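Note sheet for the following structure.
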Amino acid sequence: MMELLQSMLDARMWSLVASSTWQTIVMVFLSTIFSMILGLPIGVLLHVTSSEEQGGIIPHPVFYNVLSRIVNILRSFPFIILMIVLMPLSRIIIGTSIGTMATVIPLSIAAAPFVARIIESALKEVDPGVVQAAKAMGSTNWQIILKVLIPEAMPSLASGVTLTIINLIGYSAMAGAIGGGGLGDLAIRYGYQRFNPAYMVCAVVVIIIMVELIQFIGDKISARLIAKR
Amino acid sequence: MEIKLRNLRRNYGSLHAVDDVSLVIPSNTVYGIIGKSGAGKSTLVRLISMLEKPDNGEVYYDEKRVDNLSKDDLIEERRHIGMIFQTFNLFSSRNAAENIAYPMEICHMDKEHIRKRTEELLALVGLEGRGKAPISTLSGGQKQRVAIARALATNPSILFCDEATSALDPQTTRSILALIKEIQKKMNLTVVMITHQMEVVRDACDRVAVLDSGHIVEEGVVSDIFSAPQSDVTKDFLSSLTNVQDSMVRWSKDGGHYTLRFRGSTTDEPIISSVSSATGAIFNIRAAGVQNVNGEELGVMVTDIGPDEETAKKAVALLREKRVLVEETKVGV
């Protein structure tokens with residue numbers, strides 16, 4: 001017990017926790033952006049090519065099924081394995097397969113199919129009557145996507161983004177296992193491998209605080225978007 | 001703009017939703033299409049408004065064929081029609097003014113023009129100063145007014161109303177119908193009104209087509225149809241209307257054996273008395289009423305005629321001579 005308290009007061013630990021937290025923030029922030037860039041078009045494509053009953057505006061069963069299958073396969077990969085598989089890709093793009101920046105790439109790719117499904121289901125909730133009205137007024141497909149589907153789905157999209165960020169915090173902690181940096185890395189290397197529970201506790205507490213904070217902000221934004229309507 | 005339909009057909013699997021419909025909807029009128037649910041009216045309006053392509057047949061706007069347009073032409077043509085819906089279908093992500101602005105935005109109109117036109121349209125539908133209101137804060141009637149303004153934004157020549165008043169209470173229905181009629185005159189619109197409510201046809205339409213299982217069973221000027229319905233479906237619609245009508249006075253729960261319909265000038269004559277004294281027939285009036293259809297008075301009377309069948313036949317013949325439409329009512333109706 002004394003030992004735990006003593007190491008808690010250790011200044012070195014706090015600076016490590018601070019820098020790991022920062023690494024996690026950077027990792028999650030960048031991979032959220034990249035996974036959105038990858039996932040948004042896929043999600044939109046999935047929705048617009050789905051069957052007419054599902055609200056698709058350009059139904060294309062073959063395309064939809066192929067894309068849907070690919071998304072499912074990527075989603076069923078255990079994250080840790082996907083990370084290892086994608087390491088060479090990081091080496092090609094970033095030049096290294098170790099460290100925070102190198103982790104962003106597998107993280108983004110791993111989260112993209114998840115984002116795609118979140119976007120697809122958010123767009124599915126848009127009232128088909130509203131889309132029909134937009135069509136009857138002579139909207140092009142692009143106009144329906146950009147001016148109707150996405151704005152109408154905004155509250156669910158916002159909760160989708162919240163969910164994605166929280167997922168990525170979890171994923172990024174796992175990335176620590178293979179030298180990805182961040183709070184997960186700290187917990188494993190110092191907490192687990194060096195038998196120092198203080199590090200473990202600290203890392204977990206910081207992660208919990210981050211998740212709570214993101215959820216709180218995300219809920220507030222969704223509520224604000226709904227209240228404006 | 002005149003709309004012509006030629007042998008329109010649309011099947012869903014083995015269901016003939018619209019089966020060989022030919023129709024001319026004259027320019028500058030309010031044209032009603034009435035039918036029970038499942039009669040194919042929604043499909044028909046989707047075909048006429050270019051939202052769906054027919055399996056067979058042609059749709060013309062004036063002389064232009066519109067059922068086989070290419071994708072780009074279709075989008076362009078849709079920008080010249082307006083449409084309103086039962087559930088309003090407004091964008092919840094936009095306020096009232098932004099909803100009205102949408103059809104102009106997608107045509108890339110000048111911002112200043114859009115702003116001015118939106119103000120004009122808000123005034124036209126009686127919602128001045130409510131432009132900033134979020135859609136959820138508006139009542140059903142106000143929502144439909146915004147939808148009408150949005151449909152009219154690009155100065156269309158045709159307005160489609162798909163059950164536009166079915167979700168509204170009777171009072172709001174009347175005010176929305178009055179607004180549609182007023183706008184029709186102001187903008188020389190051709191209004192196509194799909195409905196299952198006979199009172200909508202009575203209060204707003206000039207002509208009507210009655211649709212039953214994909215076919216047009218009756219078509220004509222509304223006052224003609226009301227005074228001399230031909231098909232059973234139409235009579236059914238009319239009887240449901242007269243039963244709920246406030247103007248109908250009813251003394252007896254049992255229906256009479258004859259339904260008399262008379263219109264305009266004949267309403268003023270003491271027909272029943274003169275027929276009674278000429279033939280010796282006894283009238284037992286069960287229910288009667290007068291309703292106003294497009295400014296014309298139409299009378300309905302449900303009655304028994306006695307004392308015997310012989311006299312009744314004579315009375316009926318005499319009534320028919322006096323241009324009263326006599327129907328033998330089925331028992332139980």
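The values are calculated or read from the model by the stated rules, or taken from the named source; none is laboratory data. Bear in mind the structure is a predicted one, so any value in this text is a computation, not a measurement. Cβ sites come from the backbone with ideal geometry, for glycine too, and all protein chains shown count toward neighbours.
Quick one: is residue B:131 in a loop (DSSP other than H, G, I, E, B), in contact (Cβ under 8 Å) with a residue 12 or more places away in the chain and closer than 27 Å to residue B:178 by Cβ? When the stated conditions are applied, residue B:131 passes them. Residues in segment B:197-231 that are under 8 Å from the mean Cα position of the chain (by Cα), within 19 Å of residue B:40 (Cβ to Cβ) and not in a strand (DSSP E or B): 5 in all.
Figure legend. Inter-residue proximity from segment B:26-42: first residues in contact (Cβ under 8 Å) with a residue 12 or more places away in the chain, second residues part of a helix (DSSP H, G or I), beta-carbon distance below 6 Å, spacing 6+ or different chains. Indicated pairs: B:30/B:184; B:30/B:204; B:32/B:201; B:33/B:41; B:34/B:201; B:35/B:41.
If you go through segment B:143-161 and keep only what is within 13 Å of residue A:133 (Cβ to Cβ) and facing chain A (nearest Cβ under 10 Å), you end up with B:147, B:150, B:151, B:153, B:160. Hey, can you tell me all the residues within segment A:113-131 that are surrounded by fewer than 19 Cβ atoms within 10 Å (Cβ to Cβ) and free of Cβ contacts under 8 Å to residues at least 40 places away in the same chain? Residues satisfying the conditions are A:121, A:125, A:127, A:129. Restricting B:112, B:163, B:120 to those that are surrounded by fewer than 23 Cβ atoms within 10 Å (Cβ to Cβ), under 25 Å from residue B:50 (Cα atoms) and either in contact with a helix residue (DSSP H, G or I) (Cβ under 8 Å, 6 or more places away or on another chain) or of a type outside the set (Lys, Arg) (or both) reduces the list to B:163. Applying the criterion of being within 14 Å of chain A (Cβ to nearest Cβ), assigned to a helix (DSSP H, G or I) and out of contact with any Gly (no Cβ under 8 Å at 6 or more places or on another chain) to the residues of segment B:101-113, the residue that is farthest from residue B:177 (Cα to Cα) is B:105.
Of the listed requirements (1) within 11 Å of another protein chain (Cβ to nearest Cβ); (2) in contact (Cβ under 8 Å) with a residue 40 or more places away in the chain, residue A:110 misses just one: (1).
Step by step: first the residues of segment A:151-178, then only those that are in contact (Cβ under 8 Å) with a residue 60 or more places away in the chain and among the β-branched types (Val, Ile, Thr), then the one that is nearest to the other protein chains (Cβ to nearest Cβ). Which residue is that? Checking each candidate, the answer is A:161. Taken together, B:210, B:191 contain a single residue that is closer than 25 Å to residue B:10 by Cβ, among the β-branched types (Val, Ile, Thr) and in contact with a Gly (Cβ under 8 Å, 6 or more places away or on another chain), which is B:210.
Filtered by the rule that a residue be crowded, with 22+ Cβ neighbours inside 10 Å and small (Gly, Ala, Ser), segment B:26-48 gives B:32, B:35, B:39, B:40.
Scanning segment A:184-197 for residues that are in contact (Cβ under 8 Å) with a residue 40 or more places away in the chain and not in a loop (DSSP other than H, G, I, E, B) yields A:184, A:185, A:186, A:190, A:197.
Hey, among A:138, A:191, A:181, which residue is at positive phi and more than 14 Å from chain B (Cβ to nearest Cβ)? Talk me through it step by step, then tell me what you get.
Values: A:138 fails: more than 14 Å from chain B (Cβ to nearest Cβ); A:191 fails: at positive phi.
Matching residue, one of A:138, A:191, A:181: A:181.
Flag set for residue A:89, criterion: aliphatic (A, V, I, L, M), more than 15 Å from residue A:112 (Cα to Cα) and surrounded by 12 or more Cβ atoms within 10 Å (Cβ to Cβ).
Restricting attention to segment B:53-100, the residues that are free of Cβ contacts under 8 Å to residues at least 12 places away in the same chain, hydroxyl-bearing (Ser, Thr, Tyr) and more than 10 Å from every other protein chain (Cβ to nearest Cβ) total 1. In segment A:51-84, which residues are in contact (Cβ under 8 Å) with a residue 60 or more places away in the chain and touching a Lys or Arg at 6+ places or on another chain (Cβ under 9 Å)? Across segment A:51-84, the qualifying residues are A:54, A:55, A:57. Tell me yes or no: at least one residue of segment A:22-29 is assigned to a helix (DSSP H, G or I) and within 30 Å of residue A:147 (Cβ to Cβ). Yes: one or more hits.
Quick test for you: out of A:1, A:83, pick the one residue that is loosely packed, with under 11 Cβ neighbours inside 10 Å and either of a type outside the set (Gly, Ala, Ser) or modelled with pLDDT under 95 (or both).
Working: A:83 fails: loosely packed, with under 11 Cβ neighbours inside 10 Å.
Checking each option against the conditions leaves just A:1.
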